1. For segment 45-152, which trypsin sites (Lys or Arg not before Pro) are in a loop by DSSP, counting at most 16 other Cβ atoms within 10 Å?
2. Tell me the Rg and the Dmax, in Å, that the Cα atoms of segment 1-41 produce.
3. Could you give the dipole magnitude of segment 63-152 about its Cα centre, charging the beta-carbon of Lys and Arg +1 and that of Asp and Glu -1, in debye to the nearest 20?
4. Compute, for the chain, the length of the dipole vector about the Cα centre, with Cβ point charges of +1 (Lys, Arg) and -1 (Asp, Glu) only. Units Debye, rounded to 20.
5. Please compute the per residue accessible area over segment 32-152 with all protein chains in place, 1.4 Å probe, rounded to a whole number of Å².
6. Based on the alpha carbons, how large is the Rg to Rh ratio for the chain when Rh follows Kirkwood?
7. Checking the table LYS10/LYS58; LYS58/LYS129; LYS26/LYS129; LYS10/LYS33 against a 21 Å threshold on Cα-Cα, which pairs fail?
8. Using only alpha carbon positions, build the gyration tensor of segment 49-121, then give the equivalent ellipsoid semi-axes as the square roots of 5 times its eigenvalues, largest first, whole angstrom.
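The values are calculated or read from the model by the stated rules, or taken from the named source; none is laboratory data. Computed from a prediction, not measured in an experiment: that's the story for all the values here. For neighbour counting, all protein chains shown are included, and Cβ atoms are generated from backbone atoms with ideal geometry for every residue, glycine included. Heads up: the accessible areas ignore ligands, DNA and RNA and are worked out on the full protein's heavy atoms, side chains in. Shrake-Rupley method; radii C 1.70, N 1.55, O 1.52, S 1.80 Å.
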Amino acid sequence: MIKVRNTQRKIPVDLDALRKQVGAVKRTLGREKYCVGYWLASDRTLQRFNKEYRGVNKPTDALSFRADIPYDLGDVIIGIQYIARRAEHYRVPVSHVLPLVVVHSLCHLAGHDHDNTSSENKMHAAERKALANLKESGLYHGEGIEDIYSTY
């Protein structure tokens with residue numbers, strides 16, 4: 001199951017495409033039977049949660065919260081306004097950046113991390129595989145910005 005909630009109204013997002021991308025990445029990671037939730041929220045909401053959970057008083061692109069329940073990956077709060085600014089910086093549509101954030105956040109929920117070189121290499125390999133599968137299935141059309149996920 002994939003739950004998507006959109007409480008921001010400034011940035012248009014194709015929620016059906018988002019669900020398909022999340023489903024495809026879950027399959028790539030071997031977690032297709034797991035539940036996951038995505039909440040698209042405003043900068044203000046992301047800043048509040050980022051301050052509360054990470055001690056950082058500014059908005060961010062995404063916050064991942066792993067679940068401690070069988071067959072539930074957890075939830076991700078997406079800072080869509082932050083992502084829109086990043087897309088503007090790269091002069092690409094939001095639809096080219098959002099899948100990169102989906103891939104990165106799902107890798108975190110699946111247990112990957114980048115806290116040392118070894119785990120970072122494994123996470124980047126999983127991200128590259130997931131992104132390649134999104135491209136092959138026609139669910140990702142961005143070009144030339146795939147390496148921005150390595151700046152997270």
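1. Details: sites: ARG48, LYS51, ARG54, ARG66, ARG85, ARG86, ARG91, LYS122, ARG128, LYS129, LYS135; in loops: ARG91.
Loop-located and lightly packed - ARG91.
2. 10.9, 34
3. Details: 8 positive and 12 negative charges, 47 e Å.
Using only the charged Cβ atoms, the result is roughly 220 debye.
4. Working: 23 positive and 18 negative charges, 83 e Å.
Once rounded to the nearest 20, the dipole reads 400 debye.
5. On the way: 6410 Å² over 121 residues.
With all protein chains present, segment 32-152 gives 53 Å² per residue.
6. Numbers: Rg = 14.3 Å, Rh = 15.4 Å.
Value, to two decimals: 0.93.
7. On the way: LYS10/LYS58 18 Å; LYS58/LYS129 31 Å; LYS26/LYS129 12 Å; LYS10/LYS33 32 Å.
Cα-Cα > 21 Å for LYS58/LYS129; LYS10/LYS33; rest within.
8. On the way: eigenvalues 98, 48, 36 Å².
Taking √(5λ) for each eigenvalue gives 22, 15, 13 Å, largest first.
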